[in-house]
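What follows draws every value from the coordinates through simple rules; no lab data is involved. As the structure is a prediction and not an experimental result, all values here were calculated from the model. Glycine also receives a Cβ, built like all others from the backbone with ideal geometry; neighbour counts cover every protein chain displayed.
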Amino acid sequence: MSIRHALLALLSEGPKYGLQLREEFEARTGEVWPLNVGQVYSTLQRLERDGLVESGDDAEPGPQKGFQITAGGAAELAGWLRTPPDLASPPRDELVIKILIAVRLPGADVHEVIQTHRRYLVELMQQWTRLKDEEGDLDLGLALVVDAELYRLDSVVQWLDTADGRLRRAALEPPAPSGAPVPRIRRRTGLRR
Amino acid sequence: MTAVLELRAVSKTYLDGADEVHALREVDLTVEPGKMVAVMGPSGSGKSTLLTIAGALETPTAGEVAVAGRPLSAMSRDDRARLRRRAIGYVFQDFNLLPGLTAAENVALPLELDGMSAGKARAAGLRALAELGLTDRASRFPDQLSGGERQRVAIARAVVGDRRLVLADEPTGALDSANGEAVMRLILTACRGGVGAVVVTHDAQLASWADRVVFIRDGRIVDRTAPRPGPDSLLTEQPAR
């Protein structure tokens, strides 16, 4: 997550002090991502060095030092909001790797491994849903963060369900003939059997 | 405290030609008053059979089912029918409202069928609709309601009167996420009022509203969620970088 851009966004509302920036950051993200004040000041120093913010005076970084956004900072923020995060290449997802290993590991029951992870994910989702039920009505930022987390975890459960079904079907079907060339797309994305 | 639903070693076997199909195998499940239990599993895993047996719509091949402490096997057919009308509410994916009746009449219908006077049943139906925020929809017909409103009417019908157990089969089926969430909140509210609920689903987001989740596969309960610490534990992660 970009603290740098979150601070620029808060400063685009008007000049603020470091401590105030920390409190507002935490409040707007539903207090899901705690931030220590040292991180705030070191990020502000880098933003000032890069000309994206400026301080009102020459005081040392501290509670009394105010900051405001520059025109360069506003342009940087506008560009960042519209830049897609890198979702193009598959991440080295630890859970995917565990399931791939369990499929081939002698003595491992891949369906039992899948269920262990499915249960854990549903338990986590129960906690997030409880949080939304209890506090989501009071805090829009928190409700948005909780929805994002529920959809993320749900997509992992759906992948596990799909993998479970695919493995069960594969166990009933004869294996594909070996020796076929590996498709080019697989080599390009670095995925191997 | 008496469980609202108790399944003990319940099995259900169908004959498909010469083949035996084991839809449920020695299922144990207890639902306490005030609790929502979700049953999660893929299609064909036996979760809908579990619901029809819990709702006294089918009898098990082996094992025992008790609703509100009363074993179903010891009851006559008429007593079971009465129990279904009085103590058990059903919520289906496709709402199952009668198109020729208004919202209020749909909700009052199970009470009238149970012998309550039309006036009393209507008053109870209107109370149930009011609790779900549907007072101004009471005299509309199902085709004059949105999908979300229809499902809220179906929930009102499921909790009207002195219901102890609510059984829901994919209750948010075709609804969008906001209406689906509203439906789960209403079932949870009914639970907090003292009924027990079983929600059958393949959807993890839906299941996550439940107090407990059991996982069913090939007719067997293969796993259950453990009690978890409160949601505060989610918010004590490492500070953001």
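Remark: relative contact order (chain B) = 29 percent; criterion is Cα-Cα distance under 8 angstrom and separation of 6 or more residues. The residues neighbouring B:Ala56, those whose beta-carbon lies less than 9 Å from its own, together hold a net charge of +1 under the Lys/Arg +1, Asp/Glu -1 convention. Here the scattering of the stretch A:3-81 is modelled by Debye summation over its C-alpha atoms, one equal scatterer each and no solvent; at q = 0.12, 0.16, 0.22 Å⁻¹ the log10 of I(q)/I(0) is -0.28, -0.51, -0.98.
For chain B, the mean residue ellipticity at 222 nm estimated from helices alone is -9500 deg cm²/dmol, where every DSSP H run of n ≥ 4 contributes -39500 (n - 2.57) and the total is divided by all residues, rounded to the nearest 500. Against the empirical 2.2 N^0.38 Å (N residues), chain B has a Cα radius of gyration ratio of 1.05.
Using 0.36 nm per residue and subtracting the Cα-Cα separation, the extra length available between A:Leu100 and A:Glu13 on full extension is 26.5 nm.
The distance from the alpha carbon centre of the stretch B:177-218 to that of the stretch B:60-124 is 20 Å, rounded to a whole number. Here the protein assembly as shown carries DSSP beta bridges of which approximately 60% are antiparallel, counting only pairs with both residues inside. With a sphere of radius 15 Å drawn around the Cβ of A:Glu23, what net charge do the other residues whose Cβ falls strictly inside it have (Lys, Arg +1; Asp, Glu -1)? Net of charged neighbours comes to -2. Here B:Leu57 and A:Gln45 are evaluated by their C-beta separation; at R0 = 60 Å the FRET efficiency comes out at 0.30. On a per residue basis, the convex hull of the C-alpha atoms belonging to the protein assembly as shown measures out at 219 Å³.
Projecting label points 7 angstrom from Cα along Cα→Cβ for B:His22 and A:Ala148 puts them 4.6 nm apart. If I take R0 = 60 Å and measure r between the Cβ atoms of A:Glu23 and B:Ala81 in this structure, what FRET efficiency does the formula 1/(1 + (r/R0)^6) give, to the nearest 0.05? Efficiency, from the Cβ-Cβ distance: 0.45. Gain on full extension, evaluated as 0.36 nm per residue between A:Leu87 and A:Glu134 minus their Cα-Cα distance, stands at 13.7 nm.
For the stretch A:1-41 versus the stretch A:145-173, the inter-centroid distance based on Cα atoms is 35 Å. Here each label is just a point 7 Å from Cα along the line to Cβ, and for B:Gln144 and A:Ala71 those points are 6.2 nm apart.
Secondary structure note: in chain B, about 55% of the DSSP beta bridges are antiparallel. Hey, what angle do you get for helix A:37-49 against the long axis of chain A, alpha-carbon based, 0 to 90 degrees rounded to 10? Here the helix axis deviates by roughly 70 degrees.
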